[in-house]
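What follows is a single structure, and I will ask about it in a moment.
The values are calculated or read from the model by the stated rules, or taken from the named source; none is laboratory data. Predicted, not measured: the structure shown is a model, and the values here were computed from it. No Cβ is skipped: glycine too gets one built from the backbone with ideal geometry, and neighbour counts run over all protein chains shown.
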């Protein structure tokens with residue numbers, strides 16, 4: 001089988017929860033050997049759902065499952081006096097270290113950047129924290145909500161007389177994880193080409209402040225013109241802009257009036273739309289006409305299903321998307337025929353279907369070669385690869401350093 | 001020591017945000033990114049909604065959409081539209097009329113001198129103007145090509161036109177977010193799909209360049225933006241996969257069922273005429289943090305209820321807790337609340353609107369922006385800097401936001417090796433310049 005582009009790369013992974021694990025998942029799914037150090041109780045994401053068949057358990061978390069494919073798990077209490085030697089041995093064999101411990105924790109254990117750089121001068125280390133290692137908020141904690149509200153564009157999402165509203169689940173943390181992977185890949189590139197090891201101080205807040213989801217634009221818009229970006233008074237009601245009801249759900253449109261001929265084609269050239277007033281430039285900026293248009297459009301939408309509307313929009317090249325629910329998406333043939341979904345065989349859970357590749361790289365493909373690891377599944381295996389003898393491993397085990 | 005991607009040249013044919021974010025990251029990391037633009041073709045939503053917005057249009061509207069410098073269109077509005085200008089840093093720009101044989105010849109010469117190409121146009125666009133994969137491979141066999149169609153290059157949705165918000169609707173995100181108590185038509189557009197697609201795209205190009213170093217082989221990467229957004233919905237997908245459960249909207253509450261977890265009203269200095277509209281986020285992720293919140297609030301009687309000691313109890317009483325906490329926060333300053341709560345170990349922060357970012361102590365301390373002069377002497381403004389902190393190969397703004405055609409001289413002369421006479425001919429035949437056709441509105 002053709003290997004991934006990161007074949008031969010060993011990642012020492014001290015990340016937890018969502019952002020860090022998503023970063024190292026990308027490395028693992030594209031071919032790297034990712035050695036995940038878990039604390040004795042396991043990555044905290046093993047303690048949250050959704051649970052397989054509703055039953056909690058460290059090997060039954062959907063969150064852990066998704067974010068940890070292809071990794072190997074080594075359980076190590078990094079606070080234990082014997083742990084330092086183990087981590088250092090792992091560092092000597094790694095090509096990159098990625099960690100998301102609270103800022104300063106690894107330094108206090110003698111395992112921070114200073115130690116890494118004294119062990120090796122060609123080993124990059126990426127530290128993923130909420131605000132970075134050098135910030136007045138260095139010790140502050142975040143959740144997806146706190147992070148997105150502070151540094152992302154949440155303030156302008158929602159309606160005026162209500163509170164701002166966040167994205168689904170832990171989306172802002174996944175955004176950060178994907179950005180961190182980009183930084184980590186660049187650090188690995190510099191190490192491979194120039195032999196340079198370095199510390200990448202990755203602040204999730206900084207990655208959100210710079211986010212391409214309008215925050216970049218809202219920031220400079222204020223700097224340029226002194227104008228803020230606020231929440232809308234109510235549902236978007238442009239000349240086809242916003243979420244509209246239809247016969248079996250909802251469809252979302254954007255700016256269709258900018259190209260009236262396409263809109264006309266989508267609607268089947270109705271008589272009412274042939275009036276010259278609809279074809280003037282800037283028609284979408286005239287409130288009365290927008291309102292009149294929407295009154296004419298709504299009955300058309302309510303007579304049709306979202307798939308039918310989207311098919312007409314696709315044909316006419318109108319910006320549109322139906323609001324699918326997750327079950328509809330799982331059953332949708334476009335994605336299944338393209339091979340988007342993957343299945344993984346798991347010891348305890350059997351065959352599991354999950355979202356697959358984020359992108360297709362034909363010459364060096366994404367693949368799932370291993371299910372997410374059981375807690376400590378690879379402790380002995382990895383230690384043996386690092387040259388620990390069976391008796392040394394036994395000693396580490398009885399001292400409580402490993403599990 | 002050089003920047004991580006020093007010596008890598010990337011052709012940038014991107015539009016709107018997803019693709020341009022990918023090329024921004026590559027540029028930040030040291031690649032020489034050359035935007036290839038056409039003065040005769042207006043790409044909507046890439047250098048602005050319109051090439052020449054009216055003075056009236058740029059005086060009104062939200063900052064992010066129409067907040068041009070000093071609320072004026074300026075001499076060349078396409079160089080400073082707020083919606084896009086932050087994605088022009090560290091990039092070069094050349095112009096060439098790609099819809100002509102001569103333009104394609106010039107472009108082929110650039111491809112031969114480049115390592116990668118990034119594009120996110122509607123499916124079929126490159127093929128239509130004759131610069132599809134075959135053309136590219138012929139010009140440079142080991143080129144890494146990143147294409148970012150919305151739904152992929154095959155299947156029934158391949159020609160669907162989409163922005164980030166549409167593909168997120170299709171992937172299920174839109175029905176999973178927003179106010180649980182309001183109709184879905186109240187859901188605001190977001191573009192998180194652009195964020196992850198851009199970041200994955202930059203990651204993919206670097207990974208494919210590694211593959212090229214090892215094998216000599218280039219490749220065509222296909223990043224379907226819809227599929228790339230899947231990770232953001234992981235919990236919802238896994239719940240359906242494991243249990244057949246279709247999750248509903250949870251608003252600002254925790255997907256993991258931690259409580260309390262919400263936004264609460266607050267105040268801030270200089271509230272001004274808008275009457276406030278200030279919010280503090282608070283997330284209690286475990287029982288210790290609940291104790292921290294109690295302490296921060298002065299341990300009020302209601303919070304001592306033993307039922308609230310465990311998350312389960314707090315989740316049951318989430319509405320009630322929200323009302324109590326809101327009473328406490330409503331009269332307090334949002335930054336002071338953050339410092340107080342965080343000092344008790346509780347994740348919390350103000351919800352910052354765009355007017356408060358530059359003054360935040362974290363933003364100032366980490367110097368997240370830097371002043372640069374815009375082209376045409378339109379003014380000096382503070383732009384975002386690259387957000388990665390590399391200790392040995394520090395990143396920065398090597399070039400302020402690039403104007404259309406600003407680097408024609410460099411690209412035509414130094415990269416492509418054309419002579420003065422040839423260049424004069426290209427100017428005459430409409431390849432080289434710094435202004436869109438006057439007929440373009």
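Sort through B:352, B:404 and tell me the only one that's crowded, with 23+ Cβ neighbours inside 10 Å, outside any helix (DSSP H, G or I) and away from chain A (no Cβ under 14 Å).
B:404
Out of the helices (runs of 4 or more DSSP H) lying entirely within segment B:139-223, which hold 1 or more residues that are at the interface with chain A (Cβ under 7 Å from one of its Cβ atoms) and over 24 Å from the mean Cα position of the chain (by Cα)? Give the derivation first.
Values: elements: B:164-171, B:173-176, B:192-215.
Output list reads B:192-215.
Can you spot a residue in segment B:410-417 that is within 26 Å of the chain's Cα centre (by Cα) and at pLDDT 95 or above? Spell out how you get there, then give the answer.
The first filter runs over segment B:410-417 and keeps only residues within 26 Å of the chain's Cα centre (by Cα), leaving none.
No, every residue in segment B:410-417 fails to be within 26 Å of the chain's Cα centre (by Cα) and at pLDDT 95 or above.
Being free of Cβ contacts under 8 Å to residues at least 60 places away in the same chain, at the interface with chain A (Cβ under 7 Å from one of its Cβ atoms) and surrounded by fewer than 20 Cβ atoms within 10 Å (Cβ to Cβ) is the filter; apply it to segment B:378-392 and report the residue that is nearest to residue A:126 (Cα to Cα).
Going through the qualifying residues, I end up with B:391.
Now a separate question. From the list B:333, B:286, B:305, pick out the single residue that is surrounded by fewer than 20 Cβ atoms within 10 Å (Cβ to Cβ), more than 30 Å from residue A:344 (Cα to Cα) and within 12 Å of another protein chain (Cβ to nearest Cβ).
Working: B:333 fails: within 12 Å of another protein chain (Cβ to nearest Cβ); B:305 fails: within 12 Å of another protein chain (Cβ to nearest Cβ).
Matching residue, one of B:333, B:286, B:305: B:286.
Continuing with the same structure: Every residue in segment A:331-353 that is at the interface with another protein chain (Cβ under 7 Å from one of its Cβ atoms) and touching a helix residue (DSSP H, G or I) at 6+ places or on another chain (Cβ under 6 Å), please.
A:340, A:353
Further, regarding this structure: When only residues in segment A:157-172 that are more than 7 Å from every other protein chain (Cβ to nearest Cβ) and surrounded by fewer than 24 Cβ atoms within 10 Å (Cβ to Cβ) count, which is nearest to the chain's Cα centre (by Cα)?
Kept after step one, since they are more than 7 Å from every other protein chain (Cβ to nearest Cβ), are these residues of segment A:157-172: A:160-161, A:172.
Retained after the next criterion (residues that are surrounded by fewer than 24 Cβ atoms within 10 Å (Cβ to Cβ)): A:160-161.
On the way: A:160: 28, A:161: 30 Å.
Of everything passing the filter in segment A:157-172, A:160 is nearest to the chain's Cα centre (by Cα).
Return the residue satisfying two criteria in turn: it lies in segment A:235-250 and is within 8 Å of chain B (Cβ to nearest Cβ) and under 29 Å from the mean Cα position of the chain (by Cα), and of such residues it is surrounded by the fewest Cβ atoms within 10 Å (Cβ to Cβ). Talk me through it step by step, then tell me what you get.
The first filter runs over segment A:235-250 and keeps only residues within 8 Å of chain B (Cβ to nearest Cβ), leaving A:235-236, A:242-245, A:250.
Retained after the next criterion (residues that are under 29 Å from the mean Cα position of the chain (by Cα)): A:235-236, A:242-244, A:250.
Details: A:235: 17, A:236: 20, A:242: 22, A:243: 25, A:244: 25, A:250: 23.
Filtering segment A:235-250 for residues that are within 8 Å of chain B (Cβ to nearest Cβ) and under 29 Å from the mean Cα position of the chain (by Cα), the one surrounded by the fewest Cβ atoms within 10 Å (Cβ to Cβ) comes out as A:235.
Of these, A:198, A:194, A:141, which one is modelled with pLDDT of 95 or more, at the interface with chain B (Cβ under 7 Å from one of its Cβ atoms) and within 13 Å of residue A:127 (Cα to Cα)?
Numbers: A:194 fails: within 13 Å of residue A:127 (Cα to Cα); A:141 fails: within 13 Å of residue A:127 (Cα to Cα).
Exactly one residue qualifies, and that residue is A:198.
Right, another one. So if I check each of B:74, B:30, which one is within 13 Å of chain A (Cβ to nearest Cβ), touching a residue at least 60 places away in the same chain (Cβ under 8 Å), touching a helix residue (DSSP H, G or I) at 6+ places or on another chain (Cβ under 7 Å) and surrounded by fewer than 24 Cβ atoms within 10 Å (Cβ to Cβ)? Break it down into steps so the answer makes sense when it comes.
On the way: B:30 fails: touching a helix residue (DSSP H, G or I) at 6+ places or on another chain (Cβ under 7 Å).
It is B:74.
Now, a different point. What number of residues within segment B:1-27 satisfy the criterion of being part of a loop (DSSP other than H, G, I, E, B), more than 10 Å from chain A (Cβ to nearest Cβ) and surrounded by fewer than 24 Cβ atoms within 10 Å (Cβ to Cβ)? It would help to see each step written out before you state the result.
Quick first cut of segment B:1-27, residues part of a loop (DSSP other than H, G, I, E, B) only: B:1-8, B:14-17.
Applying the additional criterion that residues be more than 10 Å from chain A (Cβ to nearest Cβ) yields B:14-15.
Restricting the remaining residues to those that are surrounded by fewer than 24 Cβ atoms within 10 Å (Cβ to Cβ) gives B:15.
Total satisfying the criteria: 1.
Does segment B:77-101 hold any residues that are assigned to a loop (DSSP other than H, G, I, E, B), within 11 Å of chain A (Cβ to nearest Cβ) and touching a helix residue (DSSP H, G or I) at 6+ places or on another chain (Cβ under 6 Å), and which are they?
Across segment B:77-101, the qualifying residues are B:80, B:82, B:83.
Being in contact (Cβ under 8 Å) with a residue 12 or more places away in the chain and part of a helix (DSSP H, G or I) is the filter; apply it to segment A:95-145 and report the residue that is farthest from residue A:176 (Cα to Cα).
Among those residues, the one meeting the criterion is A:119.
Also, I was wondering about something else. In segment A:48-76, which residues are within 11 Å of chain B (Cβ to nearest Cβ), more than 29 Å from residue A:385 (Cα to Cα) and surrounded by fewer than 24 Cβ atoms within 10 Å (Cβ to Cβ)?
A:48, A:49, A:51, A:52, A:53, A:54, A:55
Let me ask another. On the given criteria, is residue B:36 surrounded by fewer than 21 Cβ atoms within 10 Å (Cβ to Cβ), touching a strand residue (DSSP E or B) at 6+ places or on another chain (Cβ under 9 Å) and farther than 22 Å from residue A:222 by Cβ?
It is false that residue B:36 is surrounded by fewer than 21 Cβ atoms within 10 Å (Cβ to Cβ), touching a strand residue (DSSP E or B) at 6+ places or on another chain (Cβ under 9 Å) and farther than 22 Å from residue A:222 by Cβ.
For segment B:266-305, name all the residues that are modelled with pLDDT under 95, touching a strand residue (DSSP E or B) at 6+ places or on another chain (Cβ under 8 Å) and more than 15 Å from residue B:334 (Cα to Cα).
Matches in segment B:266-305: none.
Ok, one more. Which numbered condition in (1) touching a strand residue (DSSP E or B) at 6+ places or on another chain (Cβ under 9 Å); (2) in a helix (DSSP H, G or I); (3) surrounded by fewer than 19 Cβ atoms within 10 Å (Cβ to Cβ) is the only one that residue B:109 fails?
(1)
Which of the residues that make up segment B:320-349 are out of contact with any strand residue (DSSP E or B) (no Cβ under 8 Å at 6 or more places or on another chain) and part of a loop (DSSP other than H, G, I, E, B)?
Within segment B:320-349, B:344, B:345 qualify.
Take the residues in segment A:5-30 that are crowded, with 24+ Cβ neighbours inside 10 Å and part of a loop (DSSP other than H, G, I, E, B), then tell me which one is farthest from the other protein chains (Cβ to nearest Cβ). Give the steps one after another, and end with the answer.
First, the residues of segment A:5-30 that are crowded, with 24+ Cβ neighbours inside 10 Å: A:5-6, A:11-15, A:18-28, A:30.
Keeping just the survivors that are part of a loop (DSSP other than H, G, I, E, B) gives A:5-6, A:15, A:18, A:30.
Working: A:5: 4, A:6: 6, A:15: 15, A:18: 8, A:30: 6 Å.
The extreme case among them is A:15.
Would it be correct to say that residue A:180 is touching a helix residue (DSSP H, G or I) at 6+ places or on another chain (Cβ under 8 Å), facing chain B (nearest Cβ under 7 Å) and buried (at least 21 other Cβ atoms within 10 Å of the Cβ)? Let's see the steps before the verdict.
Values: touching a helix residue (DSSP H, G or I) at 6+ places or on another chain (Cβ under 8 Å): yes; facing chain B (nearest Cβ under 7 Å): no; buried (at least 21 other Cβ atoms within 10 Å of the Cβ): yes.
When the stated conditions are applied, residue A:180 does not pass them.
Residue-wise test of (1) touching a strand residue (DSSP E or B) at 6+ places or on another chain (Cβ under 8 Å); (2) modelled with pLDDT under 95; (3) surrounded by fewer than 16 Cβ atoms within 10 Å (Cβ to Cβ).
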residue	(1), (2), (3)
B:51	no, no, no
B:56	no, yes, yes
B:65	no, yes, no
B:68	no, no, no
B:79	no, no, no
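Looking at residue A:261 and the list (1) more than 8 Å from chain B (Cβ to nearest Cβ); (2) in contact (Cβ under 8 Å) with a residue 24 or more places away in the chain; (3) out of contact with any helix residue (DSSP H, G or I) (no Cβ under 7 Å at 6 or more places or on another chain), which single condition is not satisfied?
Checking residue A:261 against (1) more than 8 Å from chain B (Cβ to nearest Cβ); (2) in contact (Cβ under 8 Å) with a residue 24 or more places away in the chain; (3) out of contact with any helix residue (DSSP H, G or I) (no Cβ under 7 Å at 6 or more places or on another chain), the one that fails is (2).
Is it the case that some residue within segment A:77-84 is surrounded by fewer than 24 Cβ atoms within 10 Å (Cβ to Cβ) and part of a helix (DSSP H, G or I)? Explain how you work it out, then say what you get.
Initially, segment A:77-84 is screened for residues surrounded by fewer than 24 Cβ atoms within 10 Å (Cβ to Cβ), giving A:77-84.
Of the ones still in play, those that are also part of a helix (DSSP H, G or I) are A:83-84.
Yes, some residue in segment A:77-84 is surrounded by fewer than 24 Cβ atoms within 10 Å (Cβ to Cβ) and part of a helix (DSSP H, G or I).
Shifting gears a bit: Which of the residues that make up segment A:146-155 are more than 7 Å from chain B (Cβ to nearest Cβ) and either surrounded by fewer than 22 Cβ atoms within 10 Å (Cβ to Cβ) or part of a helix (DSSP H, G or I) (or both)? Show your work before the answer.
Here is the first cut: in segment A:146-155, the residues more than 7 Å from chain B (Cβ to nearest Cβ) are A:147-148, A:151-153.
Listed by number, the residues that qualify are A:147, A:148, A:151.
Quick check on my filter: what residues within segment A:147-166 are touching a residue at least 12 places away in the same chain (Cβ under 8 Å) and under 21 Å from residue B:285 (Cβ atoms)?
A:147, A:148, A:149, A:150, A:151, A:152, A:154, A:164, A:166, listed by residue number.
State the number of residues belonging to segment A:114-152 that are within 27 Å of residue A:214 (Cβ to Cβ) and touching a strand residue (DSSP E or B) at 6+ places or on another chain (Cβ under 6 Å).
9
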